[in-house]
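All of the numbers you see were taken from the coordinates with simple rules; none came from a lab. Values in this document were obtained by computation on a predicted structure and should not be read as measured data. Here the Cβ is made from the backbone with ideal geometry for all residues, glycine too, and neighbour counts use every protein chain on show.
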Amino acid sequence: MSEKQKTYFEIAVEKGYSRRDFMKFSAMIAAMLGLESSAIGKVAKALETKTRLPVIWLHGQECTCCSESFIRSSHPLVADIILDKISLDYTETLMAPAGYQAEKSLTDTMEKYKGKYILAVEGSIPVNNEGVYCCIGGKTFENIVTEVADGAKAVIAWGNCASAGCVQAARPNPTGATPIYKMIKGKPIINAQGCPPIADIMAGILVYILTFDALPELDRLGRPKSFYSKRVHDTCYRRPNYDAGLFVESFDDENAKQGYCLYKMGCRGPVTYNACGVTQWNNGVSFPIRSGHPCLGCSEANFWDNGPFYRHLTNIPGFGIESTADKVGLGLGIATGVGLVAHAISTNIRKRQLIKKKECNPEMDKTNES
């Protein structure tokens with residue numbers, strides 16, 4: 001007789017978490033997903049009553065930074081409950097078995113949970129020269145992904161390598177590195193973009209699927225809108241300096257010490273959609289811009305080929321229909337000067353009008369005096 005599977009809540013209790021901790025986690029996930037407060041109860045109930053989602057996590061052409069990001073999630077319950085249970089299915093990086101035992105874990109999961117498991121793919125798929133650039137157990141990664149995806153409920157392309165090809169697909173792309181959505185057809189695909197993506201995004205996606213038995217709403221690039229609906233620029237704490245035309249001119253200048261906008265240093269925040277400025281990393285401690293480095297746009301397609309990282313964009317939206325940040329400071333200065341001159345002229349005109357009225361009507365002085 002097979003052992004009865006435990007729910008997420010039962011696992012949490014076993015690991016020493018209180019009901020209060022569990023509800024805080026449910027509230028955090030619901031908030032990150034942009035759900036209404038009334039949905040917290042639905043999330044909690046799903047985690048309390050449903051058993052874990054079986055997950056197969058494959059690794060192709062990548063550096064493992066996505067896994068590194070995930071295991072360092074800001075909330076301990078993500079690692080202790082979601083990641084801990086994931087590692088019991090199949091993932092080359094984190095699972096205990098090796099060799100034939102590892103292959104058996106993969107085939108057993110595919111057979112036992114056919115049509116129910118989630119396939120998470122980290123890394124791009126090389127297709128040139130029959131895929132010889134990435135082989136596992138004598139099989140090409142292309143063959144493995146195609147086979148496993150066939151029985152999956154949904155596919156999560158975890159990170160920019162899987163979502164868009166990333167550095168492996170940068171020109172001249174000798175291995176023919178290809179993102180998942182170009183290889184897998186007929187399956188729902190979620191692109192969790194970033195290099196690496198924020199750890200809590202993966203937890204949020206899994207909890208959403210578990211709670212609603214559906215995929216979260218996606219944008220035009222297949223990314224969950226709850227995490228990728230706003231530009232990094234819109235939630236950046238340096239945004240007021242951008243609006244004021246205050247920019248860092250070099251990494252070691254006084255403006256950098258003052259925390260001015262990094263646009264001129266190549267920051268892609270104005271054209272990059274991600275939750276970096278809100279969620280951040282390491283329990284909300286920091287993100288690249290807070291550390292003094294411009295955004296590279298790693299959650300956008302082809303970001304490696306979008307020009308030198310430290311050359312600023314020529315055109316960005318804002319200040320009317322379209323403007324360039326190089327002209328913002330000058331424009332604001334001119335506007336301020338024009339405003340002062342206009343104010344002075346209008347003040348003088350009012351004074352002249354008042355003097356003329358007094359000259360035409362001497363009784364005004366007496367009225368004002370009384």
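Kirkwood hydrodynamic radius computed over the range 141-288 comes to 17.3 Å, based on all pairs of distinct alpha carbons.
The coefficient of translational diffusion for the range 92-183, derived via Stokes-Einstein from the alpha carbon Kirkwood radius under 37 °C and 0.692 mPa s, stands at 238 µm²/s.
Spin-label model, S18 to D219: label points 7 Å out along the Cα-to-beta-carbon direction sit 3.9 nm apart.
Karplus-based coupling profile of the range 307-312, in residue order and whole Hz: x, x, 4, 9, 9, 6, with θ = phi - 60° in 6.51 cos²θ - 1.76 cosθ + 1.60 and x standing for Gly or Pro.
Applying a threshold of 27 Å to the alpha-carbon distances of K6/K185; K112/K187; K114/K230 flags K6/K185; K114/K230 as lying beyond it. Expressed as a whole percent, the proportion of Cα-Cα pairs in the range 183-251 lying more than 20 Å apart is 46%. Put in line by how crowded their Cβ is, counting other Cβ atoms within 10 Å and starting with the fewest, H312, H293 read H293, H312. If R0 equals 45 Å, the separation of the Cβ atoms of N129 and E254 corresponds to a calculated FRET efficiency of about 0.30.
Dividing the Cα radius of gyration by the Kirkwood radius, what Rg/Rh value follows for the range 232-305? When Rh is taken as the Kirkwood radius, the ratio is 0.95.
Using only the C-alpha atoms, the convex hull of the range 159-219 corresponds to 88 Å³ per residue.
For the range 8-228, the alpha carbon positions stretch 54, 39, 29 Å along the principal axes, listed from largest to smallest. The protection proxy used here, the mean number of other Cβ atoms lying within 10 Å of each residue, ranks peptides 221-229, 126-134 as follows, highest first: 221-229, 126-134.
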